[in-house]
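Q: My structure is below; once you've seen it, I'll send some questions.
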Amino acid sequence: MCKTLSIAMATALFAGSAGIAVTQESFGGRDQLERLSGVYASSAPEQWYGGFGTRRFSFDRGKWSLVFTHALDAGMQNRTFQFRTEGPYQIGAASSAVPGAFDAIFFEDVKYVTLLTGDVNIINAFGFAGCGLKVNVEVDISKTGCAGWKPVAECREDHDLLAISAAGLQFGVRPRDNNMCSADRRPTALLQPVIRQ
């Protein structure tokens with residue numbers, strides 16, 4: 001891959017559009033969201049951060065986890081990194097911005113990144129060079145942060161939206177800088193759903 005293209009795509013990681021907003025009707029209630037159990041995942045690679053990605057969420061007794069895998073291509077062959085986080089979650093009031101959705105806080109007690117490419121240009125462009133990452137080795141970045149991810153001490157809370165319907169589970173569209181560390185950064189639109197597995 002040419003250096004210019006890899007840098008352009010990498011720059012979009014934390015500056016570009018994070019997924020595609022969609023609308024949905026016939027949402028379920030708060031009680032369903034508080035009792036989530038099982039795995040919800042992308043039905044196919046989605047457009048994420050200038051490339052593509054898949055999301056896999058697991059829920060169990062008030063706790064959640066996410067594994068997000070990013071690639072430069074829709075076939076997910078040119079993978080760049082994987083991000084993993086987990087913790088408890090809380091469902092708040094009905095959203096004032098999105099009918100049928102609820103305000104939610106996803107606590108990130110730990111944050112991990114796995115580098116999936118050895119391409120130095122991509123590593124540098126994503127800001128991974130100073131993170132102490134090694135290809136195919138999961139690294140705990142909870143205390144240090146890495147690139148666009150802040151340390152847990154600075155950003156433990158991810159203020160999001162959550163909605164459930166027959167189509168699946170929907171989260172909010174992330175802002176361009178990926179910062180949802182406070183309530184004023186909560187999204188105002190929903191992403192395409194992840195599907196119960």
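Q: Residues that are in contact with a Phe, Trp or Tyr (Cβ under 7 Å, 6 or more places away or on another chain) and more than 29 Å from S37 (Cβ to Cβ): does segment 168-177 have at least one?
A: Within segment 168-177, one or more residues are in contact with a Phe, Trp or Tyr (Cβ under 7 Å, 6 or more places away or on another chain) and more than 29 Å from S37 (Cβ to Cβ).
Q: Please find, among S182, S165, the residue that is among the hydroxyl-bearing types (S, T, Y) and touching a strand residue (DSSP E or B) at 6+ places or on another chain (Cβ under 7 Å).
A: Checking each option against the conditions leaves just S182.
Q: Give me the residue from segment 134-155 that is under 18 Å from F106 (Cα atoms) and in contact (Cβ under 8 Å) with a residue 60 or more places away in the chain and, out of that set, surrounded by the fewest Cβ atoms within 10 Å (Cβ to Cβ).
A: Among those that are under 18 Å from F106 (Cα atoms) and in contact (Cβ under 8 Å) with a residue 60 or more places away in the chain, it is G148.
Q: R84 is checked against (1) over 22 Å from R176 (Cα atoms); (2) touching a residue at least 12 places away in the same chain (Cβ under 8 Å); (3) part of a strand (DSSP E or B) and fails just one. What number does that condition carry?
A: Unmet condition: (1).
Q: Can you tell me which condition F102 does not meet? The list is (1) touching a residue at least 24 places away in the same chain (Cβ under 8 Å); (2) over 30 Å from F27 (Cβ atoms); (3) not polar (S, T, N, Q), and all the others hold.
A: (2)
Q: Okay, moving on. Does segment 45-60 contain at least one residue that is of a type in the set (F, W, Y), outside any strand (DSSP E or B), closer than 17 Å to L115 by Cβ and out of contact with any Pro (no Cβ under 7 Å at 6 or more places or on another chain)?
A: Yes, segment 45-60 contains a residue that is of a type in the set (F, W, Y), outside any strand (DSSP E or B), closer than 17 Å to L115 by Cβ and out of contact with any Pro (no Cβ under 7 Å at 6 or more places or on another chain).
Q: So, one more: I need every pair where a residue in segment 157-185 that is closer than 16 Å to E108 by Cβ has its Cβ under 8 Å from the Cβ of a residue that is β-branched (V, I, T) and surrounded by 21 or more Cβ atoms within 10 Å (Cβ to Cβ), sequence separation at least 6 or different chains.
A: F171/V194; G172/V98
We did not get these values from a lab; they are worked out from the coordinates using the rules stated. Since we're looking at a predicted model, the values are computed, not measured. Please note: Cβ atoms are built from the backbone with ideal geometry, for glycine as well, and neighbour counts cover all protein chains shown.
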